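Q: Submitted below is the structure of interest, expressed as structure tokens.
The values are calculated or read from the model by the stated rules, or taken from the named source; none is laboratory data. None of the values given here were measured: they were computed from a predicted structure. Cβ placement follows ideal geometry from the backbone for every residue including glycine, while neighbour counts extend to all protein chains displayed. Note: accessible area is taken over every heavy atom of the protein model, side chains too, but ligands, DNA and RNA are not part of it. Shrake-Rupley method; radii C 1.70, N 1.55, O 1.52, S 1.80 Å.
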Amino acid sequence: MKAPFNPFVINSYQGKAYFCDREEELKDLFDHIKNDRNIVLYAWRRLGKSALTLRLFEELEESNQFETIYIDFLATQNLEEAIKAIASAVYDKYGKTASGIGSTLQKLLASLGATLNFNPFTGLPEISVSVRQPEKASESLRSLGDFLKTRKKRIVLAIDEFQQIGEFENQQAEAVFRTWVQQIPEVRFIFSGSHRSMMEAMFTETKRPFYQSAQLEYLSPIDLKVYSAFIQNHFSHAKKEISEELIQKIYTWGRGQTYTIQLICNQLFANYTKVKEEDIQTVFSQILDQQKGIFANFQKILTRTQWTVFKAIAKEEPLNNPFSKDFIGKHDLGAASSIRTALKALEKQELVIYDEGAYFVHDVQLARWLASL
């Protein structure tokens with residue numbers, strides 16, 4: 001893996017040298033895997049779940065005891081697309097051999113009714129799967145499981161944005177996947193998701209198929225002192241300077257969110273040798289200016305009351321009591337019943353989250369932009 005030009009990576013995992021801490025989390029996840037426990041890894045958006053999973057995969061692969069497969073369900077809308085995502089990930093892992101596709105994988109694709117085509121624009125192979133009926137979905141998953149069981153090493157399969165299956169048009173999706181997991185006890189699963197309430201409900205509600213089927217691991221922001229040392233180390237290594245005081249301001253503005261902190265530090269590292277207060281404020285403004293065209297669309301898709309409440313929450317962050325007379329009067333919000341209805345709608349869309357007794361706008365950068373209006 002080539003070293004990045006900028007040590008504050010924002011697009012993907014690029015090696016442990018550019019990955020901050022999470023040592024305790026890694027230790028816990030490795031322990032679960034070694035002791036045959038499935039894992040639910042969940043947190044608010046952009047806290048580094050995917051990077052942590054890939055960091056764990058690096059450790060597992062280096063142990064020479066495991067093979068790892070990463071799948072993203074974010075863009076999937078039904079069972080067919082989910083199974084296609086799994087089949088494509090399996091092909092990416094095992095199909096690219098010097099002699100072409102192995103016979104075992106060929107049999108797997110045949111059993112799925114899958115076809116392998118090449119994208120005319122990229123030249124890359126793409127798998128097409130047709131499994132519209134639940135019965136066919138179960139058969140396809142069983143075939144995939146049977147293939148994974150033939151591997152000599154233990155398989156660890158991570159499914160990111162797993163809460164998507166709760167939104168599938170087929171109401172049996174959760175039961176279909178739960179049955180599949182039970183059919184392949186040799187395979188360890190990491191179910192990852194950024195919709196906290198949906199992930200918690202899926203694995204803690206007694207009537208849901210995945211009830212108590214995995215160990216819940218909630219990811220919190222990286223500790224400020226640890227992050228500060230990480231940031232200063234990369235700056236000093238490049239003969240650049242940034243103070244702990246300024247890092248604390250970055251951390252607070254970014255609400256401890258890994259992606260936003262990395263983005264800010266990426267731009268500061270690229271443009272300044274000795275970071276000053278005004279440099280940070282410049283980067284803050286630049287980041288919000290780059291997003292304002294997207295953020296402004298929220299006013300068009302929300303009702304007037306929802307938009308007003310949305311802005312008010314951002315300006316008051318953290319908001320402990322959205323129904324207090326002071327809050328309602330300060331922002332001219334009207335009747336408490338209207339606020340309650342708007343708040344429920346915003347929470348359902350996870351535009352607003354409730355955490356540790358307070359309400360926040362979920363997207364940190366959006367929150368900062370709203371607060372500036």
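Q: Sticking to Cα atoms, compute the Rg of the range 18-103 to one decimal and its Dmax as the biggest Cα-Cα distance, whole number, in Å.
A: 15.1, 43
Q: Just the Cα atoms of the chain: what Rg and Dmax do they give in Å?
A: Looking at the chain, its Cα Rg and Dmax stand at 23.0, 72 Å.
Q: Given the Cα-Cα distance of Q212 and R151 and 0.36 nm per residue of separation, how much length would full extension add, in nm?
A: That works out to 19.2 nm of additional length.
Q: Compute the long axis of helix 49-62 from its Cα atoms, compare it with the longest principal axis of the Cα atoms of the chain, and write down the angle in degrees, 0 to 90, nearest 10.
A: Once rounded, one gets 40 degrees.
Q: How many Å² of accessible area per residue for the range 16-93, probe 1.4 Å?
A: Using a 1.4 Å probe on heavy atoms only, each residue of the range 16-93 averages 43 Å².
Q: Once the convex hull of the C-alpha atoms of the range 306-373 is built, how many Å³ does it hold per residue, rounded to a whole number?
A: Expressed per residue, the convex hull around the Cα atoms of the range 306-373 is 74 Å³.
Q: Quick one: P(r) of the range 124-259 from all Cα-Cα pairs, 10 Å bins, percents rounded to integers, in order of increasing distance.
A: With 10 Å bins starting at 0, P(r) equals 10, 28, 24, 17, 16, 5, 0.
Q: Could you give the dipole magnitude of the chain about its Cα centre, charging the beta-carbon of Lys and Arg +1 and that of Asp and Glu -1, in debye to the nearest 20?
A: In debye, rounded to 20, the chain gives about 420.
Q: What does the charge dipole of the range 165-249 about its Cα centre add up to, to the nearest 20 debye, if the Cβ of each Lys and Arg holds +1 and the Cβ of each Asp and Glu holds -1?
A: 140 debye
Q: For N11 and E167, compute 0.36 nm times the residue count separating them, minus their Cα-Cα distance, and round to one decimal in nm.
A: 53.5 nm
Q: OK, next. Sketch the reach of a paramagnetic label on D355 as a point 7 Å from Cα along Cα-to-Cβ, and name the residues of the range 300-317 whose backbone nitrogen lies under 17 Å away.
A: Hits in the range 300-317 for D355 at 17 Å: 313-317.
Q: If you don't mind, there's one more thing I want to ask. Using a 1.4 angstrom probe on the protein heavy atoms only, could you order Y70, Y94, Y272 from most to least accessible area?
A: So, going from the largest accessible area down, we get Y70, Y272, Y94.
Q: Any of K16/K93; K16/K274; K207/K300; K107/K153; K16/K152 with alpha carbons more than 31 Å apart? Name them for me.
A: Checking Cα-Cα distances, K207/K300 exceed 31 Å.
Q: In square angstrom, rounded to the nearest 10, how much accessible surface does R255 have for a 1.4 Å probe?
A: Its accessible surface works out to 60 Å², give or take rounding.
Q: Any idea what diffusion coefficient the range 260-350 gets from Stokes-Einstein, in µm²/s, Kirkwood Rh on alpha carbon pairs, 25 °C, 0.890 mPa s?
A: The diffusion coefficient I find is 159 µm²/s.
Q: Could you calculate the contour length gain from K249 to D332, that is, 0.36 nm times the residue separation minus the distance between their Cα atoms, to one decimal place in nm?
A: 26.8 nm
Q: Using DSSP to call loops (not H, G, I, E or B), can you name the trypsin sites (Lys or Arg not before Pro) in the range 208-244 whose Cβ has at most 12 other Cβ atoms within 10 angstrom?
A: Answer by residue number: K239.
Q: Between the helical axis of 258-271 and the dominant principal axis of the chain, each derived from Cα atoms, what acute angle in degrees is found, rounded to the nearest 10?
A: 70 degrees
Q: Taking a cut-off of 28 Å between Cα atoms, list the lysines near K276, but don't count ones fewer than 8 places away on the same chain.
A: K225, K239, K240, K249, K292, K315
Q: Between T179 and A201, take the C-beta separation as r, use R0 = 30 Å, and let me know the FRET efficiency to the nearest 0.05.
A: That gives a FRET efficiency of 0.95.
Q: Next up: Express the C-alpha Rg of the range 199-276 as a ratio against the empirical globular expectation 2.2 N^0.38 Å, rounded to two decimals.
A: Against the empirical 2.2 N^0.38 Å value, I get 1.59 for the range 199-276.
Q: With angles folded into 0 to 90 degrees, how steeply does helix 304-316 sit against the dominant principal axis of the chain? Use alpha carbons for both and round to 10.
A: Computed tilt is about 70 degrees.
Q: So, one more: Which order do D21, D160, D36 take by accessible area at a 1.4 Å probe, largest first?
A: D36, D21, D160
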